[in-house]
Structures are given as C-alpha cells and as structure tokens.
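A quick write-up on the structure given underneath.
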Amino acid sequence: MNSIVSSLAGVRLMNPTILSSGILGVSAASLQRIAKSGAGAVTTKSIGPAKREGHPTPVVVGVTGGILNAVGLSCPPLEESLSELKKTLKAVKSPVIASFYGRTIEEFGDVAERVSEIKPDLLEANISCPNAENELGKPFAIDPESAEKVTQEIKDRVRIPLIMKLSPNVADIASIAASVESAGADAISAVNTVGPGMVINIETAKPVLSNRFGGMSGPAIKPIAVRCVYQIYEVVEIPIIGIGGIQNGRDAIEMMMAGANVVGIGTAVIEKDINIFSNVCNEIIQFMDEWGYTQLDELIGKSHLK
Ligand SMILES: Cc1cc2nc3c(=O)[nH]c(=O)nc-3n(C[C@H](O)[C@H](O)[C@H](O)COP(=O)(O)O)c2cc1C
C-alpha cells in the first residue's frame, strides 16, 4: 500500500494537499469544513496589522482559464483576526498555517510575533501581494534584498516554522528563493497570483474590477507555477509548497515532479467544490498504484535531469 503522508518543515500532514490562503479562510467554521473534507492542512486568509476595507466590489471576475481577483487584502482588526485564529486552532484537527502580512519590514515582525502567540503550526508570510510594499513601493518578494530583510526580521522574532510566499511576477524567482532560504526561511510557497491582468466590459467600455487590475489564478497559470517551482527546486534545500492552477491529481503530481513537496489549492475550491482535496488524494494514490510508486518522495523533483 502506498503512502501519501507528508511533512512540511517538521509538521506532519496526513496528505500533501493544502488549502491556499484567501479562499474560504476567514472563519474557523469554514476552515474546519475544509479540513474535515480532506485537506492535509489549511491556510488562513492573510492576517493584517489593522482593519482594512479592501477594494469595493466587484473584486473577482471569471476569465478563460481561471479568475482575476483584486480583493485588496481586506481584513478585520488584528485582535479579531487573532481571536478567530484561536477558534480555528481549537476546531481544526489538521495543521493550520497562519498567513499574515505587514506594510513595512518591522510590521511583518510585529504581526508575526502577535500571530505566533496563538501558536499556529506554521506561519506563512505573504510578501507577494501588492499591498505589502518595500520603500520603493514594490512587494517585498520582488527583489532578493527586500525578501531577505523581511525574512530575517521575522526569523529574529518568532520560533514557529516560517514559510515565505513568493511572487511569480519577477525576472529571477530562483535568486529570491535562495535569499529567503539563506535568511532562515523554513519553507517556500510558490506562487501567488500572476499578473496583474485586466478585463474590460465592452458594453460599458469600463474595466470590470473596481481596482481595474487583478491577480490571475486558476488552471491557466499552472505552467508558470510549475516553471517557478522547478527553478526554485534547483537552488534550495527547504521544502516547497507548489501552488497555481491545481485542479486534479495529475496536476498535483506534475507540481511534485517539478519539485514541490506538497501542493496548495485555491481557485479549484471555488470553481469545483471542497471535495477537491480528497479527489486529488485519491487520484494521486491511483497514479502511484498504476506506476509503481510507493512513497511521495519518489515523485518529488523527478523531472529534473540528473
Ligand atoms: C480570491 C482570492 C483571494 C486570495 N487571497 C490571498 C491572500 O489573502 N493571501 C495570499 O497569500 N494569497 C491569496 N491568494 C492567492 C492564492 O493563495 C494562490 O496563491 C493563487 O490563487 C494561485 O493558486 P490557485 O490557482 O490554486 O488559485 C488569493 C487568491 C484568490 C483567488
């Protein structure tokens, strides 16, 4: 019998599927529902330093091959997010990854410290959204120096294993991955949304999203995400959560063969349903049976030329 038990930075997962940040991740009740439906771990929506309205609707629009979103990192006051996280940790039996962001390097450290007091299993720093910017007005994930500084700040201040979530919208993702690893990151999530992109309603001649531009997710971004994971795997030793366009077991296996230890699923939860996690796991097991694999380790990074 083959095994799909996984581990991520010392945390044991019953299977390699993880709910990605921002999808049904606001309340303890919805995270519990996702965990019960079969996810190996769940990630909260990114917790911010202060209440934030986000962008006015519409914030999501369907496009060929996925969706564009410009939610704008809406979140309740920090105390409210922390109290919901506390409830989540009580309700959810699988590992919980607390995603968070800050607007400055110091604020990343401040929020990390507050979140870690609640003791989630892992922390995920969202340095790849356009609202968490360095002094140049760019996301911290955009260059190796900013990514390294923010990783260092968080690692200096918390003990819980830290995942750094990277952006695909960069010239050289491998150099950024290497910089967060050297600053002490325990794992990497790759990737956040691609773009930004834009949709115009030709009847009204206006952009559809209130923010005009939004990040692209879903099956159309999978080849970009697979390439990012492949390049990251070549330069780091720490585990990788492969995220972007995963819809079924074959997609998950492809991401693992690129180098992902485990996979994150976002848009497919919205576009399909929450059984996606157990379906993906069953399809992985079936593939392993058919092809004679007994451990996930045999799949991870298998596409790299030796
Ligand atoms: C509606 C929506 C909200 C999101 N919110 C967050 C967020 O709060 N923090 C974060 O790190 N990523 C966020 N993401 C990005 C996803 O976690 C994921 O990285 C991305 O959607 C690619 O995976 P997918 O193609 O499986 O959706 C969001 C994505 C969507 C579609």
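Quick notes
- Number of positions in region 26-36 that are surrounded by fewer than 24 Cβ atoms within 10 Å (Cβ to Cβ) and within 16 Å of the ligand (Cβ to nearest atom): 3
- Residue list for region 209-245, restricted to those being in a loop (DSSP other than H, G, I, E, B), away from the ligand (no atom under 13 Å from the Cβ) and in contact with a helix residue (DSSP H, G or I) (Cβ under 8 Å, 6 or more places away or on another chain): 234, 235, 236, 237, 238
- Residue 199 being within 12 Å of the ligand (Cβ to nearest atom), of a type in the set (A, V, I, L, M, F, W, C), under 19 Å from residue 65 (Cβ atoms) and in contact (Cβ under 8 Å) with a residue 40 or more places away in the chain: no
- Only residues that are touching a strand residue (DSSP E or B) at 6+ places or on another chain (Cβ under 7 Å), surrounded by fewer than 21 Cβ atoms within 10 Å (Cβ to Cβ) and at pLDDT 95 or above were counted across region 132-159, and they come to 2.
- Apart from one condition, residue 252 fits all of (1) under 17 Å from the mean Cα position of the chain (by Cα); (2) free of Cβ contacts under 8 Å to residues at least 40 places away in the same chain; the exception is (2).
- Among the residues here, residue 104 does not qualify as among the polar types (S, T, N, Q) and modelled with pLDDT of 95 or more.
- Unique match (being more than 16 Å from the ligand (Cβ to nearest atom), of a type outside the set (D, E, K, R) and either part of a loop (DSSP other than H, G, I, E, B) or farther than 21 Å from residue 186 by Cβ (or both)) among 7, 116, 21, 83: 83
The values are calculated or read from the model by the stated rules, or taken from the named source; none is laboratory data. Since the structure is predicted, the reported quantities are computational estimates derived from the model, not experimental observations. Don't worry about glycine lacking a Cβ; one is built from the backbone with ideal geometry, like all the others, and counts go over all protein chains shown.
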